[in-house]
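S.K.: My questions will all concern the structure given below.
Throughout, read-outs are computed from the coordinates displayed, never taken from laboratory work. This one's a predicted model, so the numbers in the text were calculated from it and none came from an experiment. For neighbour counting, all protein chains shown are included, and Cβ atoms are generated from backbone atoms with ideal geometry for every residue, glycine included.
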Amino acid sequence: MQTLDSLKQRFGSSDDRIRFEAGEGGLTRVVLKTPRSEGHVYLHGAHVTHFAKAGEKPVLFMSKQSLFKPDKAIRGGVPICFPWFGPRAGHPESPMHGFARTSEWDVESASAEGDRTTLVLSLRSSPETLKLWPHEFAARYTVTVADTLTMALEVANTGQGELNFEEALHTYFTVSNAKDITIEGLAGVDYIDKTDSLAVKTQGGKPMKIAEETDRIYLPTTSANTVRDPGLRRRIVNTKQNSDTTVIWNPWSAKAKAMADFGDDEWLNMVCIETCNVNKHAVTLAAGRSHTMTATVSTQPL
Ligand code: BG6
């Protein structure tokens, strides 16, 4: 059994770059420091809630209304959606975006070396997950805090048959004003518009603007995305590997008001750029095979 005390004992207090502590709601949080940056990860959902370079504004948006409860997803940061994305097809009773974001992940290792500090978490199929989804798997999530934030989600098929799953690193970025930013890297890509009865449309050539409720699955695309934020005078660059789809989400005002764990005006200060493999690009793995999807986030001055 992994308790805060046992984790503190296991990792000691010898390294002040890795600290296990009671976070919001008493949930276990890991603080990862480097000489020039800091990141926070909750074991609940393997949820990265914070990344910032020293002296800079946080890169990740966190809702002030977020719940921190074992059975609820944290609102903001980087939820992990797995093994399905959105509502599970044919299973209205199943939790939205899968169970990974509300599961307690185990600590495999934590280490600090040079200018990077790394946490490795794992989640394996168990009697509880098998009730929700009858497949055996072993997931490993490696979070590396450096001058950049890198998140790598590895999923191995530990069962006998084929494994089919969706996955997303549902990253919420902090922006000065969602109406003022542009997002590059999607020109000419087709998308499914979830706000317009799943109509398939094509992104124009200009950098994308958020001007209404936006909920789009871009596919296929392996490109990096850049958020240009004139208010914060910075660019956020999200690059990815082994991810064939990108989701862009901003709930806009009406939907924000309807969400219990999200402030009425918080939609102005966030945009989700989700590194994912969803829809037609779900991952299929033969028995014994594994797949790793990676997102790397960096910031630069405008
Ligand atoms: C996005 C989906 O990824 O997540 C949206 O495309 C959804 O449809 C949003 O509303 C938030 O989901 P949740 O379950 O965290 O409220």
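S.K.: Normalized C-alpha radius of gyration of the chain, against 2.2 N^0.38 Å?
M.R.: 0.96
S.K.: How about residue 240: which aspartates and glutamates have a C-alpha closer than 17 Å to its C-alpha, ignoring those fewer than 8 places off in the same chain?
M.R.: Once the sequence-local aspartates and glutamates are set aside, what remains near residue 240 is 147, 154, 166, 167, 184, 274.
S.K.: If you don't mind, another one. Considering only Cα-Cα distances, which of the following residue pairs are longer than 28 Å: 8/53; 72/206; 209/280; 33/206; 57/179; 53/280?
M.R.: Over 28 Å Cα-Cα: 72/206; 33/206; 53/280.
S.K.: If you keep only loop residues by DSSP, which chymotrypsin sites (Phe, Trp or Tyr not before Pro) in the range 213-266 have at most 11 other Cβ atoms within 10 Å of their Cβ?
M.R.: none
S.K.: Of 39, 185, 77, which is the most mobile in a GNM of the chain whose springs link Cα atoms less than 10 angstrom apart?
M.R.: Per the Cα network of the chain with a 10 Å cutoff, 185 tops the list.
S.K.: Can I ask one more? For the range 1-113, restrict the atom set to alpha-carbon positions and state the Rg and Dmax in Å.
M.R.: 15.2, 50
S.K.: In the range 178-230, what GluC sites (Glu not before Pro) fall in a loop by DSSP, with at most 13 other Cβ atoms inside 10 Å?
M.R.: 212
S.K.: Now for a separate question. What's the exposure ranking of 197, 63, going from fewest to most Cβ atoms within 10 Å?
M.R.: Result, fewest neighbours first: 197, 63.
S.K.: Follow-up. Can you give the extra length, in nm with one decimal, that the chain gains between residue 179 and residue 257 once fully stretched, where that is 0.36 nm per residue apart less the Cα-Cα distance?
M.R.: 26.3 nm
S.K.: Here's something else I'd like to know. Could you check which residue among 118, 171, 195 shows the biggest mean-square fluctuation in a GNM of the chain with a 10 Å Cα cutoff?
M.R.: 195
S.K.: Can you compute the helix-only [θ] at 222 nm over the chain? Use -39500 (n - 2.57) per DSSP H run of at least 4 residues, normalise by all residues, nearest 500 deg cm²/dmol.
M.R.: Computed ellipticity for the chain at 222 nm equals -1500 deg cm²/dmol.
S.K.: Rank 97, 281, 50 by mean-square fluctuation in a GNM of the chain with C-alpha springs under 10 angstrom and give only the top-ranked residue.
M.R.: 281
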